[in-house]
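Comments concern the structure below.
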Amino acid sequence: MPRATSATAKKAASTTSTPAAAKRSAKLPPATDSADAPKLAPEPAPQLASTPASQPGMGAVAAPLGTTFRVWAPAATAVGVMGTFSDWQPVALYHEVDGFWGADVAGAQIGHEYKFRLTVADGEQLDRNDPYAREVTASDGNSVIPDPHFDWADDAFQMPPWNELVIYELHVGTFNPHDANEPGTFYGVMAKLSYLQSLGINAIEIMPPTEFPGGRSWGYNPAHPFALETSYGGPRAFKELIRAAHQHGIAVILDVVYNHFGPDHLPHWRFDGWYEGEGGGIYFYNDWRSETPWGHTRPDYGRPEVRQYIRDNAMMWLNDYRVDGLRTDALAYIRNVHGADDPAFDLPDGWGLMQWIHDEIKAKTPWKITIAEDLKGNPAITLPADQGGQGFNSQWDIGFAHTVRRAVTEQHDENRSMTSLAECIAHTYNGDAFQRVIYTESHDEVANGASRIPEQIMPGQAAHWFPKKRATLAVALALTSPGIPMIFQGQELLEDGEFVDTRPLQWDRLLAFFGLVTLYRDLIALRRNQRGVTRGLTGQGCRVHHVNDEAKVIAYLRWADLDQPAVPGDATLVLANCSGDSFTEYRIGLPAAGTWFVRFNSDWGGYDAEFGDFESLALEAVEEEADGLPFSGLIGVGPYSVLILSQHP
């Protein structure tokens, strides 16, 4: 399938069928070489005091005088917890019910490191990190008792209406590092929030920042799904980023990975010693259903405790961290073993898990958005669960991305298909324009052998006239078509080359291409109707009424008032010239008489000194039918250019 090669590479993780942990003994080596590191099979020591667990919750739940520890280990015959609070001597946990073990441990405080020690039937002892750990010293280090306290100040953030969202996808490690030789941090992202706000961005989508092996990764190989990446700054820094984003009027959407874990440095792998065949134990399928392109580590979506684990993870981000939405990675591999539409390999438990989680989100926080990366064009993904769907609010429309990219990267004008472009512009899921996220660049589209649009048009000459003109044509289509638009980090800077997790964004391009940044700012302002003259771009209404495949010109009307699509100030006309020719008097159909004013011309010389500044003035609509509409007018349009027109309200 088209996605497979890219998806496999994107995870930046081992593609062997079994995690590295499987090649070791079930006993884990010490986490560090320090004197405080846990020892395997230590000399017997007096058991420190513990009492039955008094607080709910999994993992480590801090209290004023100690910490409640709870872990699920159904195959263990005894479980203890050890850490810096006990000089790494195990403190016994009490068996509760159904394989859960818990205890209150006095003196275990916020910031203390810990691990669980599990004794299995043959007497072997296994030292394990906490699968629910919200903080770790490193992916292969120790768990840390988290601090639940955080001053959210006067955070009363309101999620922007979904029809006004403009998403900016970013990768923490490369977005704004302080040192090019080190990965970036949450604080580096914070430093650019004012810039993003001035650009008009009102939502950032963060590629997975959960703890992964090493310091550099795309993040799609989570070792500790509840913990924030140490090299990015950890949990407190992430909360500070969210608080700061909200203060700038920017929502935070988080990438989550539930289609597989790891595959390396997983605490889950054969956690309590039980497994079948080559399987990974209690957290995973132990048969053919475990297979994914990134290792045999697909969670067992049918096991109640694993379902609860994934549900708890989603709710933690939405509630404790106050993120404003979740984007679920590679959803097709949650609902099907091979990520395909083949019923023989369907995973009904995965489908049901997503429905269950969405039912709770809709009941408790319905204003928070959930986005699927399914990439199969399946409308059921964004249908409500009570209609048999998965319940996502929106999903990535890869068809839009591929069609627009083909249209602008094709070398010869005659090979551009306006019919295909018209179909992708008007496409919706279930008749709802905002059930799709539309984009021309994402982390997948610009990596793994692909590259940024300007680079793809003219390799090594991304700043040439052709790449600049056609790249701006592409983003204008994305920001004016019906859907939730998304741009990828650096797209507005005419970033060239391929996205890799070791190459920082080139912020020096901000001055070099400030005019193009202004073009993005103007487009986003119109998309959000910040100037009060393009309300139609925020609406459901769309009619592609002009498709000229010979001249390579396309036009579409957008409106918000579905009952009166020609209301002045609402009806918005988008005219796109996808050829290198210019037209001085191009006739276009219009729904209403009067003056239509040019609100945006991508060929304006103020955006780039090399642009032609083609004369595209206001047009007067006369009572002459064209394109199936009662009025029409003549207007000039430059090469590879987009015009946006509307009438005064």
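The values are calculated or read from the model by the stated rules, or taken from the named source; none is laboratory data. Remember, it's a predicted structure, so these values are computed and weren't measured experimentally. Please note: Cβ atoms are built from the backbone with ideal geometry, for glycine as well, and neighbour counts cover all protein chains shown. Keep in mind that these areas ignore ligands, DNA and RNA; they rest on the heavy atoms of the full protein, side chains included. Shrake-Rupley method; radii C 1.70, N 1.55, O 1.52, S 1.80 Å.
Report relative contact order for the range 211-334 in percent, whole number only (criteria: Cα-Cα under 8 Å, sequence separation at least 6). Numbers along the way, then the final one.
Working: 176 pairs, mean separation 32.1, N = 124.
So the answer I get is 26 percent.
For the residue pair residue 498 and residue 159, what label-to-label distance in nm results when each label sits 7 Å from Cα along the Cα-to-beta-carbon direction?
In this crude spin-label approximation the distance works out to 3.7 nm.
Once phi is turned into ³J(HN,Hα) by the Karplus curve 6.51 cos²θ - 1.76 cosθ + 1.60 with θ = phi - 60°, what whole-Hz value does each residue of the range 525-536 show in order, with x for glycine and proline?
So the J values, rounded to whole Hz, are 4, 5, 4, 8, 6, 5, 9, x, 10, 9, 4, x.
Assuming a ≥ b ≥ c are the square roots of the Cα gyration tensor eigenvalues, decide whether the range 40-160 counts as rounded (a/c under 1.5), prolate (otherwise, with a/b larger than b/c) or oblate.
prolate
Just need the relative contact order of the range 409-517 here, percent rounded to a whole number, with Cα pairs under 8 Å and 6+ apart.
On the way: 130 pairs, mean separation 31.6, N = 109.
Relative contact order for the range 409-517 comes out at 29 percent.
Treating the angle as unsigned and between 0 and 90°, give the value, to the nearest 10°, between the Cα long axis of helix 348-364 and the longest Cα principal axis of the chain.
80 degrees
Whole-Hz ³J(HN,Hα) for each residue in the range 202-217, computed from phi via Karplus 6.51 cos²θ - 1.76 cosθ + 1.60 with θ = phi - 60°, x for glycine and proline: what do you get?
10, 7, 10, 10, 9, 4, x, x, 7, 4, 10, x, x, x, 10, 5
Can you give me the angle between helix 398-409 and the longest principal axis of the chain, using Cα atoms only, in degrees from 0 to 90, rounded to the nearest 10?
The answer is roughly 50 degrees.
Cα atoms only: what Rg and Dmax, in Å, come out for the range 340-429?
Values for the range 340-429 (Cα only, Rg and Dmax): 16.8, 52 Å.
With charges set only on the Cβ (+1 for Lys and Arg, -1 for Asp and Glu), what does the dipole of the chain come to about its Cα centre, in debye to the nearest 20? Present the calculation step by step, with values, prior to reporting the outcome.
Details: 50 positive and 82 negative charges, 93 e Å.
The dipole of the chain has a size of about 440 debye.
Per residue, how much accessible surface does the chain expose to a 1.4 Å probe? Answer in Å², no decimals.
Working: 23070 Å² over 649 residues.
Roughly 36 Å² per residue, with all protein chains present.
How large is the helix-only mean residue ellipticity at 222 nm for the chain, computed as the sum of -39500 (n - 2.57) over DSSP H runs with n ≥ 4, divided by its residue count, in deg cm²/dmol to the nearest 500?
Numbers: 14 runs with 132 residues, N = 649.
-6000 deg cm²/dmol, from helical runs alone.
Just the number, please: carbon plus sulfur as a percent of the accessible area of the chain, 1.4 Å probe, no ligands or DNA/RNA counted. Walk me through the intermediate numbers first.
Details: 11770 of 23070 Å².
The nonpolar share, carbon plus sulfur, comes to 51 percent.
Relative to a virtual label point 7 Å from the Cα of residue 609 in the Cα→beta-carbon direction, which members of the range 505-547 show backbone nitrogen distances below 15 Å?
The answer is 511-516, whose backbone nitrogens lie closer than 15 Å to the label point.
Going by alpha carbons, how many degrees (0 to 90, nearest 10) lie between the helix axis of 304-315 and the longest principal axis of the chain?
50 degrees
Please give the contour-minus-distance gain from residue 344 to residue 197: 0.36 nm per residue of separation, less the Cα-Cα distance, rounded to one decimal in nm. Before the final figure, lay out the partial values.
Numbers: separation 147, 0.36 × 147 = 52.92 nm, distance 4.73 nm.
Once the chain is fully extended between residue 344 and residue 197, it gains 48.2 nm.
Pairs 469/552; 376/468; 192/239; 376/552: which exceed 20 Å Cα-Cα? Intermediate values should be presented prior to the final figure.
Values: 469/552 15 Å; 376/468 31 Å; 192/239 16 Å; 376/552 29 Å.
From 469/552; 376/468; 192/239; 376/552, over 20 Å: 376/468; 376/552.
Ignoring everything but the protein chains, give the 1.4 Å probe accessible area of residue 362 in square angstrom, nearest 10.
The accessible area of residue 362 comes to roughly 90 Å².
Ordered by residue, what ³J(HN,Hα) values in Hz, to whole numbers, does the range 509-519 give under the Karplus form 6.51 cos²θ - 1.76 cosθ + 1.60, where θ = phi - 60° and Gly and Pro are x?
With coefficients 6.51, -1.76 and 1.60, one gets 6, 4, 6, 5, 10, 4, x, 5, 4, 5, 4 Hz.
Please give the solvent-accessible surface of residue 508 in Å², to the nearest 10, using a probe radius of 1.4 Å with every protein chain present.
Accessible area of residue 508: about 120 Å².
Can you figure out the FRET efficiency of residue 110 with residue 77, using R₀ = 25 Å and their beta-carbon distance, to the nearest 0.05?
Working: r = 31 Å, r/R0 = 1.22.
With a Förster radius of 25 Å, E is 0.25.
Percent of alpha carbon pairs in the range 112-166 separated by more than 15 Å? Provide the component values of the computation, followed by the final result.
Details: 987 of 1485 pairs.
Beyond 15 Å sits 66 percent of the P(r) for the range 112-166.
Which part of the range 585-599 falls in the paramagnetic zone of residue 623, meaning amide N under 20 Å from the point 7 Å along Cα-to-beta-carbon?
588-596
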